[in-house]
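Since the structure comes first, as structure tokens, the remarks are kept for the end.
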Amino acid sequence: MTRTHWRNPLRDERDKRLPKIAGPCGLVIFGVTGDLSRKKLMPAIYDLANRGLLPPGFALTGFARRDWESQDFGQVVLDAVKEHARTPFRQEVWDQLAEGFRFVSGSFDDDEAFDNLVATIQDLDRVRGTGGNHAFYLSIPPGAFPVVCRQLARSGLSAQNPDQWRRVVIEKPFGHDLTSARQLNKIVNEVFPEDSVFRIDHYLGKETVQNILALRFANQLFEPIWNANYVDHVQITMAEDIGLGGRAGYYDGIGAARDVIQNHLLQLLALTAMEEPVSFHPGDLHAEKIKVLSATTAASPYDETTARGQYVGGWQGGQKVPGLLEEGGFAKDSKTETFAAMQMDVNTRRWAGVPFYLRTGKRLGRRVTEIAVVFKQAPHLPFDSTATEELGQNALVIRVQPDEGVTMRFGSKVPGNTMEVRDVTMDFGYGHAFTESSPEAYERLLLDVLLGEPSLFPVNDEVERSWEIIDPVLKQWASKGVPEKYRAGTWGPTSADEMMARTGRHWRRP
């Protein structure tokens, strides 16, 4: 007699909530001596192992030009973990993880080095049981992507077969304009199929960015007013209070718009403005983001709807700081912008007439990333004009960093005998609402790479559409001389305030 069991809904729901654990696999990091590897990738790998989310035989291989042995590489990882890891150090976790460390010395155009990498991976498959499953993380300058991809193809490391997987992880910037992005996509896709390419945007790994989807689609509260009937405008800000000392080699010639707006801020715009997907299957999620980006344009005329600036020396945090042109490595006539602001129009029924203002900058008033959905004023206020002198517009502010959470701003009566209405706030903070600390973005994203979960990684069409949006602005800026100067510690050039003032609006001061 066949024995049957009733399905247990509680157990099924519990199983859905349990974190997924990666199967047998390994990770190869190119550019393993850089800051990204040391401060983010190595600590994230340890934190994943410490949380029990990596397989016991996980392997980490470093590739660089240093004359290191595997034990030297292990010491570098250990130092990085002890300085930057989020979770407590546990010797037993470290010992098991460190057994899978390997290092291959060589340059990107060195055939012999890649042949050694092949032998190393084959040995890991045998000793660590990685099963031929390996991801290749290109933590290297974009100019080196093509040569590394070609070497992976020549050596057979990119070969796909039904019994194993090979994936490539690519850091931004993915090209410097639409033409270069298409060329790079072509080179990468000649080696790796699109479903094996993971273009990493660390902002999409942040809990608060993912919370945009939960906030919008798990609650009935916001959907009825999430449209042009009620929303006046949206501001998306990524401000940093640091300068660019020591980063000239990466940043000079790229600038704030390419570095942040083309990827981070347009992705935040897409998540804020997209329609509800049919499901959270990666294909459905990407489809809705692509629809939004396809409907998005930079508002014109650009002289009135964009602003760019370059910081000069000033006082910040109680100390005097240099201007960009005084930083080492920058030419004295550099036209690289360190501040960029643009108005975007999303030409859909939901958002017609609602401007999206995107801004980013270095050496601004404070470090903050937020999305502010600012609502229209009530059409009729049955109070004396003096009662609402201090009343602003309602707003929903999603704080991505720091102090992750959500703030709602609305009007409330001031206690007393008179009717006086003033802005108040209601606040939700991750740190207060949940006992478990949020994982770092790279923890989530690295695990998704190893699991083959592409939901949080922009696809080819998203990257190219983002370049199509900002390329016209960049071309006009290139023909317009130097960026406007702004003093360190302020909130950018006066042209950015003038851009908002033309429509009777103003920037939030976070």
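The values are calculated or read from the model by the stated rules, or taken from the named source; none is laboratory data. None of these values were measured; they are calculated from a predicted model. Here the Cβ is made from the backbone with ideal geometry for all residues, glycine too, and neighbour counts use every protein chain on show.
Structure notes:
- Selection over region 127-150 of residues that are under 28 Å from the mean Cα position of the chain (by Cα) and modelled with pLDDT of 85 or more gives a count of 15.
- Looking only at residues of region 187-225 that are more than 22 Å from the chain's Cα centre (by Cα) and buried (at least 18 other Cβ atoms within 10 Å of the Cβ), we find that the one that is farthest from residue 354 (Cα to Cα) is 191.
- Residue 20 fulfils the conditions (1) at pLDDT 85 or above; (2) of a type outside the set (Gly, Ala, Ser); (3) surrounded by fewer than 23 Cβ atoms within 10 Å (Cβ to Cβ) except for a single criterion, (1).
- Qualifying residue in region 146-161 (condition: within 20 Å of residue 451 (Cβ to Cβ), of a type in the set (Val, Ile, Thr), surrounded by 20 or more Cβ atoms within 10 Å (Cβ to Cβ) and in contact with a strand residue (DSSP E or B) (Cβ under 7 Å, 6 or more places away or on another chain)): no
- Checked against (1) farther than 30 Å from residue 300 by Cα; (2) modelled with pLDDT under 80, residue 403 meets all criteria but (2).
- Just one of (1) at pLDDT below 90; (2) of a type outside the set (Phe, Trp, Tyr); (3) buried (at least 19 other Cβ atoms within 10 Å of the Cβ) fails for residue 387. It is (3).
- For region 454-480, the candidate set comprises residues that are farther than 18 Å from residue 267 by Cα and of a type in the set (D, E, K, R); within that set, the residue that is nearest to the chain's Cα centre (by Cα) is 475.
- Scanning region 165-186 for residues that are within 19 Å of the chain's Cα centre (by Cα) and touching a residue at least 60 places away in the same chain (Cβ under 8 Å) turns up 169, 171, 172, 173, 174, 175, 176, 177, 181.
- Conditions (1) assigned to a strand (DSSP E or B); (2) buried (at least 20 other Cβ atoms within 10 Å of the Cβ): number failed by residue 363: (1)
- Residues considered: 287, 257. Of these, the only one that is free of Cβ contacts under 8 Å to residues at least 60 places away in the same chain and assigned to a helix (DSSP H, G or I) is 287.
- Any pair with Cβ under 8 angstrom, 6 or more apart, that starts in region 85-109 at a residue that is over 19 Å from residue 62 (Cβ atoms) and ends at one that is in a loop (DSSP other than H, G, I, E, B): 86/437; 86/439; 86/440; 87/51
- Selection from region 94-139 of residues that are touching a Phe, Trp or Tyr at 6+ places or on another chain (Cβ under 6 Å) and surrounded by fewer than 16 Cβ atoms within 10 Å (Cβ to Cβ): none
- Restricting the search to helices (runs of 4 or more DSSP H) fully inside region 403-510 and requiring at least 3 residues that are within 30 Å of residue 393 (Cβ to Cβ) and either of a type in the set (Val, Ile, Thr) or in the same structural domain as residue 285 (by TED's automatic domain parsing) (or both) gives 430-433, 460-478, 494-501.
- Meets criteria (surrounded by fewer than 23 Cβ atoms within 10 Å (Cβ to Cβ), of a type in the set (A, V, I, L, M, F, W, C), in a loop (DSSP other than H, G, I, E, B) and in contact (Cβ under 8 Å) with a residue 24 or more places away in the chain) for residue 36: no
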